[in-house]
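Trainee: Structure in structure tokens, see below.
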Amino acid sequence: MAATLSQATLLLVALACNLAAAKKHIIFVFADDLGWNDVGYHQVLGQTTNVPFSTPNLDALAASGVKLENYYTQPLCSPSRGALMTGRYPSHTGIGPMVISMQKGYGLPPSEVIIPKRLKEVGYATHMVGKWHLGYCDHRYYPTSRGFDTWFGYSSGMQDYWTHVSGDYSNNPKNAGYDFDIGKAGSAVELVLPKSKYNGTYGLYAHIAEAVSVIKDHGKNHADTPMFMYLALQAVHDPLEVPEKYMTQYETAITNKNHRIYAGMVTAMDEGVGNVTKALKESGLWDNTVLIFASDNGGPWLATANNYPLRGQKATNWEGGIRASAFLTGVQLCPPLGVAVHC
């Protein structure tokens, strides 16, 4: 029987509890809008391209771990993230069925206890990097008020990768603005000004660099303390933007420009995950770490994502919207490494 989101989330929460008892580091990498057929180990050629997307790091990690081939989720960002953090269906938390838009005055209720708070209770250092999308009209909704020691990222659902502006200034200026936040538990979240060093830095680069910095600092100064990192990547959500170098390898094989950009975004994301695992190994943390990778929902056709052979896309309740690529890898895994789980 296919696992529902609640079952899948509770499975991960149970895993986290077991790892916490053993003081294992937990890294949860959450991709955004990744299509089922857009990761190398799932890709079926002949569906929009005859050249597989280059995802060597994800492929290797999945091959060395356990592929969760029936990982079911919610079809949109906020409901998926709220369910992941709480282990509860959106109908119980008020987060859904749609996403939390920037003008909305609500968020994940402060009464909901989420994963980092529970892990802090058993001695974990907790860090978040990337997209929140669970409320931003009040500091009570922010990650650093919910159990995370630190947060480096943005609060809305999407933003320009280079300017970090969320929304459309041209057509809807009242619902647009600069969105780049840095916060620590116990202090107010700082909105980084547009003139900061991050303006003009590709968003994925900034988030991966911060994750690597946190990992290296933890390995150097806090190695005996278990760490939980929630790395909620901006990639590969639209807008379709990526440094030119990632598109070069697809220039001949993919004639559609938007799809070529999207392919480059997937490859850039894969490189970022590789940099994170490299930092874990160089810091001496990898052998005591479990890394979980998943997409928040299926991919959208508008961004040229491909969910083949699944029907539907993001924002639908077909499998193309609610069945996502996911795997876990690391220490003490059961069933044995390299298998696919259809639970």
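The values are calculated or read from the model by the stated rules, or taken from the named source; none is laboratory data. The structure presented is a predicted model; accordingly, all values stated were derived computationally and were not measured. A quick note on method: Cβ atoms are made from the backbone with ideal geometry, for glycine too, and the neighbour counts reach across all protein chains shown. With ligands, DNA and RNA removed, areas are computed over all heavy atoms of the protein, side chains included. Shrake-Rupley method; radii C 1.70, N 1.55, O 1.52, S 1.80 Å.
Trainee: Using a cut-off of 30 Å between alpha-carbon atoms, which lysines can reach residue 257, once sequence neighbours fewer than 8 places away in the same chain are excluded?
Mentor: Within reach: 131, 197, 245, 314.
Trainee: Let me know the Rg and Dmax you get for segment 20-171 when you use only its Cα atoms, in Å.
Mentor: 17.5, 52
Trainee: Also, quick follow-up: What's the carbon and sulfur percent of the chain's accessible surface, probe 1.4 angstrom, rounded to a whole number?
Mentor: On the way: 7650 of 14070 Å².
Roughly 54 percent, rounded to a whole number.
Trainee: I would also like to ask the following. Relative contact order for segment 285-333 using alpha-carbon pairs under 8 Å, separation at least 6, rounded to a whole percent?
Mentor: Rounded, it is 45 percent for segment 285-333.
Trainee: Taking segment 150-276 on its own, what percent of its Cα-Cα pair distances exceed 19 Å?
Mentor: Values: 4465 of 8001 pairs.
Of all Cα-Cα distances in segment 150-276, 56 percent exceed 19 Å.
Trainee: Separate question: Could you tell me the extents of segment 51-139's C-alpha atoms along the three principal axes, largest first, rounded to whole Å?
Mentor: So the three principal-axis extents are 44, 36, 23 Å.
Trainee: State which stretch of the chain is the longest one without any exposed trypsin sites (Lys or Arg not before Pro), exposure meaning a DSSP loop state and at most 14 other Cβ atoms within 10 Å.
Mentor: Values: sites that count: 23, 104, 195, 197, 311.
Longest gap between qualifying sites, sites excluded: 198-310.
Trainee: Let me ask another. How large is the convex hull of the C-alpha atoms of segment 180-254 per residue, in Å³?
Mentor: On the way: hull volume 11.5 nm³, N = 75.
It is 154 Å³ per residue.
Trainee: Can you give me the distance in nm between label points at residue 117 and residue 209, each placed 7 Å from the Cα along the Cα-to-Cβ direction?
Mentor: If labels sit at residue 117 and residue 209, their model points lie 3.4 nm apart.
Trainee: Using r as the Cβ-Cβ distance of residue 255 and residue 106, and R0 as 51 Å, what FRET efficiency do you calculate, to the nearest 0.05? Intermediate values should be presented prior to the final figure.
Mentor: Values: r = 44 Å, r/R0 = 0.86.
My answer for the efficiency is 0.70.
Trainee: Using only the alpha-carbon atoms, what does segment 114-189 span along each of its principal axes? Please give whole angstrom values in decreasing order.
Mentor: Projected onto the principal axes, the Cα atoms of segment 114-189 cover 48, 23, 19 Å.
Trainee: Further, regarding this structure: Can you give the relative contact order of the chain as a percent, counting alpha carbon pairs under 8 Å and 6+ residues apart? Kindly include the intermediate steps, with their values, before the conclusion.
Mentor: Working: 768 pairs, mean separation 104.0, N = 343.
Answer for the chain is 30 percent.
Trainee: Per the Kirkwood treatment, what hydrodynamic radius in Å, one decimal, follows for the chain from the mean inverse distance over all distinct Cα pairs? Before the final figure, lay out each step's value.
Mentor: On the way: mean 1/r = 0.0500 Å⁻¹.
About 20.0 Å for the chain.
Trainee: For a bin width of 10 Å, list the pair-distance distribution of segment 195-343 built from all Cα-Cα distances, rounded to whole %.
Mentor: 10, 31, 34, 21, 4, 0
Trainee: Further question: Need one number: % antiparallel among DSSP beta bridges in the chain, to the nearest 5. Intermediate results must be reported in sequence, preceding the final value.
Mentor: Values: 16 of 42 bridges.
Looking only at bridges with both residues in the chain, the antiparallel portion is about 40 percent.
Trainee: Quote the Stokes-Einstein diffusion coefficient, in whole µm² s⁻¹, for segment 226-295, based on the Kirkwood radius over alpha carbon pairs, a temperature of 37 °C and a viscosity of 0.692 mPa s. Could the numbers behind the result be given before it?
Mentor: On the way: Rh = 13.8 Å.
So the translational diffusion coefficient is about 239 µm²/s.
Trainee: Based solely on its DSSP helices, what 222 nm [θ] is calculated for the chain when runs of n ≥ 4 H residues each add -39,500 (n - 2.57) and the sum is averaged over all residues, nearest 500 deg cm²/dmol? Please list the in-between numbers first.
Mentor: Details: 8 runs with 95 residues, N = 343.
Theoretical 222 nm ellipticity from helices: -8500 deg cm²/dmol.
Trainee: Also, I was wondering about something else. Can you work out the accessible area per residue across the chain, with the rest of the protein chains kept in place, probe 1.4 Å, in square angstrom?
Mentor: Working: 14070 Å² over 343 residues.
It amounts to 41 Å² per residue over the chain.
Trainee: Between 112, 244, 271, which gets the highest mean-square fluctuation from a Gaussian network model of the chain, Cα cutoff 10 Å?
Mentor: Maximum fluctuation in the GNM of the chain, among the listed residues, is at 244.
Trainee: Describe numerically, in nm with one decimal, the distance between label points set 7 Å from Cα along Cα→Cβ at residue 224 and at residue 92.
Mentor: Simple spin-label model gives 3.8 nm for this pair.
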